[in-house]
Amino acid sequence: MLKKFGQNLNLQCLRTLLKFKKNNDVLNMFECIRNAKKVLLLYPKEKELTDIIKKDFEKFRQHFKDAEITRVLFNYENTKKKSKNNVFYYQESDITFLGNLNKKIKTDLLKNNYDIVIDLSLPFNYINTYIAIKINAPLKIGFNHEKRDDFYNFVIRLGQDHSMNNALQVLFRYLNI
C-alpha cells in the first residue's frame with residue numbers, strides 16, 4: 001500500500017516538474033535510431049511477456065547492429081542474480097518501501113548514457129517508467145498508457161490487438177523506418 005502511494009506521489013511530482021522543464025528541441029527520430037550507439041531495453045515485469053520478448057531479442061540486435069544493448073529485467077527467482085554483460089536484474093527486495101529501486105541499482109543504471117530507451121511494458125510498470133524518466137536519453141519510446149505517456153517522446157498506440165507479439169511487430173516496423 002505504501003509502495004503504491006509513494007509511486008503515485010513520485011509520478012505526480014515528476015509530471016509537475018516536467019511541465020516546468022520546457023524542451024522545445026526537435027528530435028530527428030530516424031537519425032537517432034540509425035545512429036544509436038547505446039540502447040536500453042526495459043522489460044515488462046510479467047514473466048510471460050518477458051519470455052516473448054526474449055525470443056525476439058535477435059531482432060533488436062538486427063535493428064541496432066552497431067549499438068550496445070543493455071537490458072533491465074525483473075528477477076522471478078528468489079536467488080540473487082548478479083547483473084553482468086549489459087543485463088541488470090532487480091527483484092522485489094530491491095524496491096524500497098516507497099516503491100523506487102534501491103540506490104545501488106539506480107546508480108549503476110544512471111552512470112551510463114543511452115541514446116534510446118525503450119520501455120517494453122504493455123501494462124503500466126512504475127519501475128520502467130521511473131528509469132526512463134531518470135535516464136537522460138534523447139529518444140524515449142514506450143507503449144501507450146495514460147500514466148506514462150507524458151514521459152516518452154515517442155508513444156506507440158496499438159490497435160485492437162494488445163498482445164505482446166503484435167506490440168513487437170508494430171515496434172519493429174517503426175524501428176525499420
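Quick notes on this one:
Residue-by-condition table, conditions (1) of a type outside the set (Ser, Thr, Tyr); (2) assigned to a helix (DSSP H, G or I); (3) crowded, with 17+ Cβ neighbours inside 10 Å:
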{"residue": "Ser121", "(1), (2), (3)": "no, no, yes"}
{"residue": "Thr129", "(1), (2), (3)": "no, yes, yes"}
{"residue": "Ile133", "(1), (2), (3)": "yes, yes, yes"}
{"residue": "Asn136", "(1), (2), (3)": "yes, no, no"}
{"residue": "Gly142", "(1), (2), (3)": "yes, no, yes"}
{"residue": "Lys147", "(1), (2), (3)": "yes, no, no"}
{"residue": "Val155", "(1), (2), (3)": "yes, no, no"}
{"residue": "Gly159", "(1), (2), (3)": "yes, no, no"}
{"residue": "Val170", "(1), (2), (3)": "yes, yes, no"}
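- Options Ala167, Ala132, Ala137; residue that is closer than 17 Å to His63 by Cα and of a type in the set (A, V, I, L, M): Ala167
- Meeting the requirement of 2 or more residues that are modelled with pLDDT of 90 or more, surrounded by 15 or more Cβ atoms within 10 Å (Cβ to Cβ) and β-branched (Val, Ile, Thr), the strands (runs of 3 or more DSSP E) wholly within the stretch 30-116 are 68-74.
- In the stretch 52-79, the residues that are in contact (Cβ under 8 Å) with a residue 60 or more places away in the chain reach residues that are among the hydroxyl-bearing types (Ser, Thr, Tyr) with C-beta atoms within less than 9 angstrom, at least six apart or across chains, in these pairs: Ile52/Ser163; Ile53/Tyr43.
Yes/no per residue for (1) at pLDDT 95 or above; (2) aromatic (Phe, Trp, Tyr); (3) closer than 22 Å to Asp94 by Cβ:
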position	(1), (2), (3)
Ile135	no, no, yes
Pro138	no, no, no
Gly142	yes, no, yes
His145	no, no, no
Arg148	no, no, yes
Tyr152	no, yes, no
Leu158	no, no, no
Met164	yes, no, no
Tyr174	no, yes, no
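- Selection status of Val170, within 15 Å of Leu40 (Cα to Cα) and either without any contact (Cβ under 8 Å) to a residue 24 or more places away in the chain or among the acidic types (Asp, Glu) (or both): no
The values are calculated or read from the model by the stated rules, or taken from the named source; none is laboratory data. These figures come from a predicted structure and were not determined experimentally. Note that we place each Cβ from the backbone using ideal geometry, even for glycine, and neighbour counts take in every protein chain shown.
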